[in-house]
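Inspection log for the structure reproduced underneath, given as structure tokens.
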Amino acid sequence: MAAADPAAEPTADPAGAEEATNLVAIDGRRLGSRAQATRRRLLDATAELLETEGILDLKVVDVARKVGTSPATFYQYFANVEEAVLALAEEVGEAILGLVPLLEQPWRGPKALDWARLLVDGFISQWDTNRAVLRTRNLAAQEGDRRFRDVRNQSLSNVTDRIAQQIADNRAANRLPQEINPYAAAGAMVAMMERMAAYHFELEGRGVSRQAMVETVARILYQTVTGRRA
């Protein structure tokens, strides 16, 4: 095995020179600034290669070659390619937290439909920016990999839980039928948004513009959550 890149080896930060980090190497050592930068390059290269390679076809040597380092350096940070992809999926999943504030106040009044539009548009933007990682995450989850399923569920639950609460509140106020289960309805809405975000380019080929998709999905979401017609 080739020697590791000395500049990329996990090192402790000089006292007071680095902010504390939770990132650690395979052996548990905390990563210094150079090691963090190397890890970041490895993750970025993995994400880029996923655009053209499936997770089963992507090799450690391919990632290392793209970064200009050795496989030994890769193995300081990740046990295999799947772990690198899982780290990317966790990062992307955290991005959805930026959409949560749109659901932290009651969807009432003239701004509610705008919030629905922003939520749908946010899902589409997340997919456009991280399509390869999200596609890989979902495929691995569907094939039974519990690690990827847990990352996906944890990410989407932040939005699903809050939509469910909105629906439950409106059902309690008799704005929605009692037969509607809040969490089932919320899950259906999140699944719809994610599915449309994943395939909106294909629908654009059939004449469905991004704007039309956002407006249509937002109105379905708004009516499901509030019981009101937009």
- Computed over the chain: longest principal axis from alpha-carbon atoms vs helix 131-142 long axis, angle to nearest 10 degrees, is 80 degrees
- For GLU104 and SER125, what is the calculated FRET efficiency with R₀ set at 22 Å and r taken between the beta-carbons, to the nearest 0.05? 0.65
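For ARG229, ARG41, which order do you get if you count the other beta carbons within 10 Å of each Cβ and list the fewest first? Each step should come with its number before you reach the end.
Details: ARG229 7, ARG41 17.
Arranged by neighbour count, lowest to highest, ARG229, ARG41 become ARG229, ARG41.
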- Report, largest value first, the span of the C-alpha coordinates of the chain along each principal axis, in whole Å. 66, 45, 30
- For THR216, THR160, what's the fewest-to-most ordering of other Cβ within 10 Å of each Cβ? THR216, THR160
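Want the number for THR216 to ASP44: 0.36 nm per residue separation, take away the alpha-carbon distance, what's left? Kindly include the intermediate steps, with their values, before the conclusion.
Working: separation 172, 0.36 × 172 = 61.92 nm, distance 3.40 nm.
Result: 58.5 nm gained on full extension.
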- Normalized C-alpha radius of gyration of the stretch 89-226, against 2.2 N^0.38 Å? 1.05
- Determine the calculated [θ] at 222 nm for the chain from helices alone, applying -39500 (n - 2.57) to every DSSP H run no shorter than 4 residues and normalising by the residue count; nearest 500 deg cm²/dmol. -21000 deg cm²/dmol
- Item | Pairwise label distance in nanometres, TYR199 with ALA37, each label 7 Å out on the Cα-Cβ vector | 4.4 nm
- Compute log10 of I(q)/I(0) for the stretch 42-130 with the Debye formula, placing one identical point scatterer on every Cα and leaving out solvent, at q = 0.11, 0.14, 0.22, 0.25 Å⁻¹, to two decimals. -0.45, -0.60, -1.00, -1.18
- Note on the structure: Here, VAL208 and ARG29, labelled 7 Å along Cα→Cβ, have an inter-label distance in nm of 5.2 nm
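Let's test the formula: R0 of 22 Å, r as the Cβ-Cβ distance of ALA95 and ASP145. What FRET efficiency results, to the nearest 0.05?
Details: r = 21 Å, r/R0 = 0.95.
Once rounded, the FRET efficiency stands at 0.60.
Every number in this text was worked out from the coordinates using simple rules, so none of it is lab data. Remember, predicted model here, so these are calculated numbers, not experimental data. When we count neighbours, we look across all protein chains shown, and the Cβ atoms used for this are built from the backbone with ideal geometry, even at glycine.
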